[in-house]
1. Quick check, is K175 loosely packed, with under 15 Cβ neighbours inside 10 Å, out of contact with any Pro (no Cβ under 8 Å at 6 or more places or on another chain) and within 30 Å of V79 (Cβ to Cβ)?
2. Within the bounds of region 444-453, is there any residue that is in a strand (DSSP E or B), farther than 19 Å from S317 by Cα and in contact with an Asp or Glu (Cβ under 8 Å, 6 or more places away or on another chain)?
3. Which residue, of K566, K579, is among the basic types (K, R) and out of contact with any helix residue (DSSP H, G or I) (no Cβ under 7 Å at 6 or more places or on another chain)?
4. Any residue at all in region 419-442 that's more than 12 Å from D482 (Cα to Cα), assigned to a strand (DSSP E or B), without any contact (Cβ under 8 Å) to a residue 12 or more places away in the chain and not β-branched (V, I, T)?
5. Could you list, in sequence order, all residues of region 651-703 that are over 21 Å from N589 (Cα atoms) and aromatic (F, W, Y)?
6. Go through G41, G27 for me and flag whichever is at pLDDT 95 or above and within 26 Å of the chain's Cα centre (by Cα).
7. Residue under question is D109, and the condition is that it be under 22 Å from T71 (Cα atoms) and assigned to a loop (DSSP other than H, G, I, E, B); does it hold?
8. Can you name every residue in region 642-672 that is within 26 Å of the chain's Cα centre (by Cα) and basic (K, R)?
Amino acid sequence: MKKRWLMLLLMGTGFSVFAQEAPKPYGPLPSEAQLNWHEMGMYCIIHFGVDTYTDKEWGFGDENPEIVNPTKFSAEQIVGAAKSGGFKGVVVVAKHHDGLCIWPTKTTDHNISRTKWKDGKGDMMAEYQKACEKLGMQLGVYCSPWDRNSEFYGTQKYVDLYREQLRELYSNYGKLFISWHDGANGGDGYYGGKNETRKIDHTSYYGWPQTWDITRQMQPDAAIFGDVGPDVRWVGNEEGHAGTTSWATYEPKAPDEGRIPANGYVKYWEAVKGHRDGKYWLPAECDVSLRPGWFYHASQNAKVKSPYTLLDLYYKSVGRGADLDLGLSPNRDGLLDDVDVQSLKEFGNLLSQTFAHNLAAGAKLSASNVRAGSVNLYGPKFLLDDDRYSYWSTDDGVTDPSLTLQLKGRQQFNVIRLRENIKLGQRIEALEVDAFVKGQWQKIAEATSIGPNRLIRLPQNISTDKVRLRILKSPVCIALSDFGLYKEPAHLTKPEIARDLEGKVSISTTAPVSGLFYTIDGSMPSTKSTAYKNAFDLQDGGVVRAIAVEGGKSSEAVTADFEMSKSGWKLLDGPEEGKATLALDENPNTFWSTVQKDSTGKFVPAGLSIDMGKVQSISAFSYLPRQDKKLEGMVDQYVFEVSDDGKQWKEVLRGEFSNIRANPINQVLKLSAPVKARYFRFQGLRSVKGNGVTAAEIGVISQ
């Protein structure tokens, strides 16, 4: 940054003073593409393709494109719903791992022209481009490097083909804000008709430096997302949150835990937090789907995240200096379901209500230090303007300043926002905020990293006319660009729904309310629904939705989707029962495990045989992986069998749990047709890590 020695003429005095030069940048700095990415804060990634019709998360590559026919497809409806939620752009999944391209590419026949949609003459990428241009949204693209359909995958010819696909996407659909890549690489697939496993060296096969050069040349304003960059890193989970301490700086480390990335390695705990001394400006993207899965599944219609759940994710992602990437899943008609649209809209309303007005506006600011002679260049007044890059700074030797705000009258708030001018790097390492209450200062908040955004959500409302900010630690002088106080609207806490081992459902709240109301048919509850009084039986499973009511106001609805009750279930044989029953105890936080203590031992398949006590009509099975963020024993290949006598078994399901490593949610596996049986057996054939099998819960659905 150029030195700025400026002479200021103080108004009405005739006294001249020389301003101190601007602070020197600290550490790695963001590029222009990264600055645009930070300013967006939130965007959506849209998954639609053959998996929408096969009810899978990862297609195998052998799907017939003719199944794709979204007769009501509207890119404008999908993009418009994202905009209503406050999102600034969308990333379109132009090709997923199954290989079907949703644009008429010249690189493969496995593309949108082979579908029934618009008689094979459609181009979904073009429709999204038009919708974004009309609605003022930014457009990004994801083209999966793994292709389970291409006969050339694993050879240099496929790498050339993949790069040509990127060139088509970069040249035909306008300006892109991001080119998105992930770390799914190699494995089972159809590969041009060959049902086989193909493995590649993920560190060298794609030739990422050369591939990224194409992006830099053709879309120079686009940030590149990968598991470890080069511009934006994966946060290490698909739960939508960064660490409470979150550094935008990062340096890829050697492999250990976590997903194998496309272009390096990422450790879960390091990706969540980042590295204070990282060599690169490599901020985190927090990806999470609006539904449990990334593609549309009708069985998840009751599990769409609520507006307040999205708000909580906002605080834990954008509020921690990351960006939120929310997955949208159009249905088979090519539209977002009404419940998805409504949740997005209400979330957008919550953001507007919360952040529309800075309650610190008009405050009188008193700083313990201002950069010498630079009050009009780096004074605290710049904290209250709308410029993310104007800032308050201190002398070079002052790294622990304080700021007092005399508010414009008594204000009530419950959210604090801080930002740094990240063009000068991420600087501040610790801070505290006080409020003047009952004649004395009381600490109300503390935080570590700030960077592009730090939102502190207070546990209670604070009412005061005076606030103080204390910077506790910074390696260099500060460059703070924003200080805001906001009020999140009051709302009733949603109730909790639970079911015991006997199949009885109870509904409760943490605070007294005048009433609880529920439904068991999947419909949204209201005060006209059944009033909850006592626990009720739900042996066969189903969807329970409930609201709390107090003072004429209703909470948001909470949903619980129960499988068949496990009351009376018994284990036939297999592992020691005391451990195996943990897979049947209705407690997601416990799990059965056959993982051997000796980590050098080879993987051994294992299973559970279960007697349900009577003949049941089974329409689906389920597997909940361990929920402790560890991978050992997490099954990704399975087989389910049924029996009439517990001796002779018939296989009814075999396959893979796609993406379970990154998104360890309950895996629901539908049968093509219901089967009747008293006994069933689950077997884990392969795990993503370790030499045994684990299961938090094994279940059955009868509908």
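1. On the way: loosely packed, with under 15 Cβ neighbours inside 10 Å: yes; out of contact with any Pro (no Cβ under 8 Å at 6 or more places or on another chain): yes; within 30 Å of V79 (Cβ to Cβ): yes.
In short, yes.
2. So the first thing to find is which residues in region 444-453 are in a strand (DSSP E or B), and the list is 444-447.
Cutting the leftovers down to farther than 19 Å from S317 by Cα gives us 444.
Still in the list and also in contact with an Asp or Glu (Cβ under 8 Å, 6 or more places away or on another chain): 444.
Checked region 444-453: at least one residue is in a strand (DSSP E or B), farther than 19 Å from S317 by Cα and in contact with an Asp or Glu (Cβ under 8 Å, 6 or more places away or on another chain).
3. Unique residue meeting the criteria: K579.
4. Kept after step one, since they are more than 12 Å from D482 (Cα to Cα), are these residues of region 419-442: 423-442.
Remaining after also requiring assigned to a strand (DSSP E or B): 430-437, 440-442.
Filter again for without any contact (Cβ under 8 Å) to a residue 12 or more places away in the chain, leaving 440, 442.
Then keep just the ones that are not β-branched (V, I, T); that gives 440, 442.
For region 419-442, residues more than 12 Å from D482 (Cα to Cα), assigned to a strand (DSSP E or B), without any contact (Cβ under 8 Å) to a residue 12 or more places away in the chain and not β-branched (V, I, T): present.
5. Y679, F680
6. Working: G27 fails: within 26 Å of the chain's Cα centre (by Cα).
Sole residue among the options that is at pLDDT 95 or above and within 26 Å of the chain's Cα centre (by Cα): G41.
7. Values: under 22 Å from T71 (Cα atoms): yes; assigned to a loop (DSSP other than H, G, I, E, B): yes.
For D109, the condition - under 22 Å from T71 (Cα atoms) and assigned to a loop (DSSP other than H, G, I, E, B) - is met.
8. Once the filter is applied, which keeps residues that are within 26 Å of the chain's Cα centre (by Cα) and basic (K, R), region 642-672 yields R661, K670.
The values are calculated or read from the model by the stated rules, or taken from the named source; none is laboratory data. Since this is a predicted model, take the numbers as computed values, not measurements. Neighbour counts run over all protein chains shown; Cβ positions are idealised from the backbone, glycine included.
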